[in-house]
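The structure appears right after this line, and notes come after that.
The values are calculated or read from the model by the stated rules, or taken from the named source; none is laboratory data. In this text the structure is predicted, and so the values were computed from the model without any measurement. Note: ideal-geometry Cβ built from the backbone for every residue, glycine included; neighbour counts use all protein chains shown.
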Amino acid sequence: MRIKYFAYLRDVTRVAEEHYITTAATAGALLDELCRRYGPPFAKWVLKPDGSLSEIAIILVNGRDIRDGVWAETPIAPGDDICIFPPVAGG
Amino acid sequence: MNAWTGKVIRVNLTSGTITKEPLDMKAARAFIGARGLAAKMLFDEVDPNIDALSPENKLFFAAGPLTGTFAPNVGRYDVVCKSPLTGAIAASNSGGSFGPELKYAGYDMVIFEGKAPTPVYLWIKNDQVELRDASAIWGKEVPETTDMLRAETDEDAKVACIGPAGERLSLIASVMNEMGRAAGRSGVGAVMGSKNLKGIAVVGTGAVTVGNKEAFDLAAKDASAKIKAHPVGGAGLKAFGTDVLVNILNSVGSLPTRNFNDGYFPTADKTGGEALAANNLLRPRGCHSCIIECGRATKVTNPKFAGEGEGPEYESAWGFGADCGIDNLDAIIKANYLCNDLGLDTISTATTIACAMDLYENGIITLKDTGGIPLNFGNAEVMVEMVKLMGYRQGFGDKMADGSYRLADAYGHPEYSMSCKKQEMPAYDPRGVQGIGLHYATSNRGGCHVRGYTIAVEVLGNPVKMDQHTIDGKPELVITFQNLTAALDSTGACLFATFGIGGDELAALLSGATGIQYTTADFMEAGDRIWNLERMWNLTAGLSSNDDVLPERLLKEPIKSGASKGEVSRLNEMLPVYYTLRGWDGNGVPLPEKLQSLGLA
């Protein structure tokens with residue numbers, strides 16, 4: 001799959017996007033894996049202090065926001081495009 | 001008098017007389033200030049059927065009761081008049097320090113009537129208010145105008161002025177204050193130009209008092225803490241500015257591309273807030289009492305587009321970027337600088353260029369029309385050149401200086417104008433985000449995002465998330481945001497404070513500042529009242545439900561690529577529900593009982 005990182009997350013991952021191979025079957029499992037890989041500087045933007053997914057981080061699977069569906073349980077597959085935004089906004 | 005200063009300056013430019021009047025406190029309590037109170041006064045004083053560029057139009061510069069206090073993010077004022085672009089009511093909102101300085105000088109509002117026989121500017125220093133000759137300044141761009149007015153008055157003066165675009169009555173001209181802040185939309189700069197009014201310079205050494213110091217102090221600390229604690233208000237906007245939205249909207253397939261021919265721009269990342277922060281950002285910049293600092297002080301070193309100034313924010317980066325098919329960030333920034341200097345609204349300028357490019361690529365206009373300029377999508381050099389030509393109404397820029405609707409209509413194809421009520425839409429494709437389309441269509445000032453920013457919920461998930469693609473609950477969402485924003489604008493607060501606080505906190509701030517108790521329900525009702533008053537003014541001006549529409553392209557032509565591929569706007573399913581929930585009849589006219597409940601009957 002292809003994972004794209006935005007805003008602060010690029011400071012941690014050092015890449016804007018990467019091809020990534022995982023056995024994770026859901027968005028939540030993938031996020032857990034990425035938080036372990038990139039550590040607390042990454043995790044603080046996408047997880048709440050209790051370890052659950054942030055309500056205001058934007059995580060898209062093929063352009064669809066996981067918060068509009070089953071959230072952490074959103075299934076993922078090898079060919080998917082994943083976008084991960086920390087909480088940012090504008091207007 | 002607390003929060004409000006209780007004084008209004010009225011300037012008759014025809015006769016040169018200046019009077020000072022007490023503020024109508026009954027109206028101030030009901031309509032709060034700034035946008036709401038000036039709209040009420042326009043409603044009472046100006047026939048909606050006048051020519052917007054005639055001396056009969058009036059121009060209000062209005063601060064709110066919170067403007068100039070030490071509450072967080074309350075540095076704003078509104079410019080209100082009849083819009084020459086839309087024919088509807090105009091209220092363009094700007095930050096910086098001009099609004100607070102007007103309050104410190106002792107005034108809530110300045111009203112301009114008539115037309116000066118020769119160019120003038122208004123100089124306000126506390127009790128001293130005088131009209132001065134501006135003949136030597138007429139013709140100057142915004143930075144030089146600002147410097148000259150400060151040199152003639154006081155080096156600390158806060159200056160609001162027009163540039164060459166306003167002087168030439170461009171219907172998309174802005175009023176600029178402190179060089180880089182804009183009351184941008186609806187052609188308010190043209191109204192200023194029509195009155196031969198070049199600028200206002202103000203110095204105030206007074207203060208804004210509050211009615212309940214303890215309550216206000218608590219409310220201000222609470223609001224500040226909540227904004228600072230919020231990831232967006234506390235850090236995100238300062239780090240990346242609003243331009244960080246480019247990648248978000250592109251990723252969800254709702255970044256209007258090439259004049260809304262698509263909703264996805266493959267190289268958008270080159271124009272986003274991340275690229276801006278990495279390559280051009282000198283420092284973040286905030287307005288009076290701002291603890292967010294979304295403003296961008298930037299620099300371009302590329303000799304072709306070199307310069308230093310303010311911007312771009314998201315709408316400008318999108319307009320000169322994806323909407324024109326351009327991914328050259330240096331060119332985008334340069335176009336933004338030129339708009340600031342010439343006094344042009346960035347959204348309408350950029351999208352009018354995009355419209356011209358669309359007309360050109362479809363053979364509706366040719367090199368013969370453009371004076372030999374190839375207006376292809378993606379041509380960054382031409383895009384920058386067109387901004388200059390529009391600001392000075394030179395060559396083909398003259399035809400473009402009145403916005404996309406009049407340009408496209410002149411060639412028999414108004415459907416190429418991506419506008420509502422003849423004002424250009426901003427940077428969210430209504431086919432991919434359903435609620436914002438309903439807002440665009442019903443906004444009292446035409447295509448506009450900041451009077452009902454449903455993107456916060458539909459895309460950002462702040463404070464809650466709703467699916468951007470559904471229409472369920474969207475009429476209710478739009479109404480809530482429209483009412484909240486009408487009230488917020490009227491206090492003098494910044495919309496971005498809502499990335500941290502809401503109606504509860506704003507009502508508490510207003511109560512503490514004024515000493516008058518506003519519940520959250522009172523605050524929201526004031527917003528509803530203001531919205532309905534603006535609607536009534538527009539209906540009398542001749543607008544109707546026939547104007548609550550989106551361009552046909554958005555209703556019939558699906559997005560071609562990206563995450564929202566295949567989507568069209570479902571406006572026509574949402575609009576009747578919106579009217580009913582508003583308490584309006586099937587033609588969008590407020591019912592008598594609705595008006596009575598708001599004290600507008």
Looking at (1) surrounded by 22 or more Cβ atoms within 10 Å (Cβ to Cβ); (2) at negative phi; (3) assigned to a loop (DSSP other than H, G, I, E, B), find the lone condition where B:I200 falls short. (3)
So B:E552 fits all but one of (1) buried (at least 17 other Cβ atoms within 10 Å of the Cβ); (2) in contact (Cβ under 8 Å) with a residue 40 or more places away in the chain; what number is the exception? (1)
Could you check, for region B:462-469, whether at least one of its residues is part of a helix (DSSP H, G or I) and buried (at least 24 other Cβ atoms within 10 Å of the Cβ)? no
Given (1) surrounded by fewer than 20 Cβ atoms within 10 Å (Cβ to Cβ); (2) farther than 28 Å from B:S490 by Cα; (3) not polar (S, T, N, Q), identify the lone condition not met by B:E130. (2)
Filter region B:491-503 for residues that are surrounded by fewer than 23 Cβ atoms within 10 Å (Cβ to Cβ) and more than 14 Å from chain A (Cβ to nearest Cβ); the one that is farthest from A:I59 (Cα to Cα) is B:G503
Filtering region B:432-455 down to residues that are closer than 22 Å to B:T346 by Cβ and of a type in the set (S, T, N, Q), which residue is farthest from the other protein chains (Cβ to nearest Cβ)? B:N444
Using the structure shown, decide if B:Y405 is touching a Pro at 6+ places or on another chain (Cβ under 8 Å), among the hydroxyl-bearing types (S, T, Y), buried (at least 17 other Cβ atoms within 10 Å of the Cβ) and under 27 Å from B:I89 (Cβ atoms). yes
Limited to region A:1-20, what total is found for residues that are touching a residue at least 60 places away in the same chain (Cβ under 8 Å), within 14 Å of chain B (Cβ to nearest Cβ) and surrounded by 15 or more Cβ atoms within 10 Å (Cβ to Cβ)? 7
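Results for (1) among the basic types (K, R); (2) touching a Ser or Thr at 6+ places or on another chain (Cβ under 8 Å), shown as yes or no for each residue.
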site: A:K4; (1), (2): yes, yes
site: A:V15; (1), (2): no, no
site: A:Y20; (1), (2): no, no
site: A:C35; (1), (2): no, no
site: A:K44; (1), (2): yes, no
site: A:K48; (1), (2): yes, yes
site: A:A57; (1), (2): no, no
site: A:A72; (1), (2): no, yes
Scan B:L506, B:L510, B:L488 and give me the residue that is crowded, with 24+ Cβ neighbours inside 10 Å, under 19 Å from the mean Cα position of the chain (by Cα), in a helix (DSSP H, G or I) and modelled with pLDDT of 95 or more. B:L488
Quick one: which helices (runs of 4 or more DSSP H) lie wholly within region B:527-601 and hold at least 1 residues that are more than 30 Å from B:S251 (Cβ to Cβ) and either within 23 Å of the chain's Cα centre (by Cα) or away from chain A (no Cβ under 14 Å) (or both)? B:571-582, B:592-597
Are any of the residues in region B:419-431 assigned to a helix (DSSP H, G or I), over 23 Å from B:Y360 (Cβ atoms) and within 11 Å of another protein chain (Cβ to nearest Cβ)? no
Strands (runs of 3 or more DSSP E) wholly in region B:132-188 with at least 3 residues that are not basic (K, R) - which ones? B:158-161, B:175-177
Enumerate the strands (runs of 3 or more DSSP E) found wholly within region B:237-344, keeping only those where 1 or more residues are within 14 Å of chain A (Cβ to nearest Cβ). B:281-285, B:295-300
Out of curiosity, is B:T519 closer than 29 Å to B:A63 by Cβ and crowded, with 17+ Cβ neighbours inside 10 Å? no
Got at least one residue in region A:21-42 being free of Cβ contacts under 8 Å to residues at least 24 places away in the same chain, within 14 Å of another protein chain (Cβ to nearest Cβ) and at negative phi? no
Right, B:T520: within 29 Å of B:D51 (Cα to Cα) and either within 14 Å of chain A (Cβ to nearest Cβ) or modelled with pLDDT of 95 or more (or both) or not? no
Confirm whether B:A39 is surrounded by 17 or more Cβ atoms within 10 Å (Cβ to Cβ) and of a type in the set (A, V, I, L, M). yes
Could you identify the single residue in B:L102, B:L85, B:L66 that is surrounded by 24 or more Cβ atoms within 10 Å (Cβ to Cβ) and either under 14 Å from B:E178 (Cα atoms) or assigned by TED's automatic domain parsing to the domain that holds B:L539 (or both)? B:L102
Against the condition aromatic (F, W, Y) and over 15 Å from the mean Cα position of the chain (by Cα), how does B:F43 come out, does it pass? yes
Can you list residue pairs whose Cβ atoms sit under 8 Å apart, with the first residue in region B:456-468 being at the interface with another protein chain (Cβ under 7 Å from one of its Cβ atoms) and touching a residue at least 60 places away in the same chain (Cβ under 8 Å) and the second being of a type outside the set (V, I, T) and in a helix (DSSP H, G or I)? Count only pairs 6 or more apart in sequence or on different chains. B:N462/B:A456
All positions within region A:43-61 that are farther than 18 Å from B:A235 by Cα and more than 7 Å from chain B (Cβ to nearest Cβ): A:D50, A:G51, A:S52, A:L53, A:I59, A:V61
Do the conditions hold for A:D65, that is, is it over 12 Å from the mean Cα position of the chain (by Cα) and either within 14 Å of chain B (Cβ to nearest Cβ) or farther than 23 Å from B:N247 by Cα (or both)? no
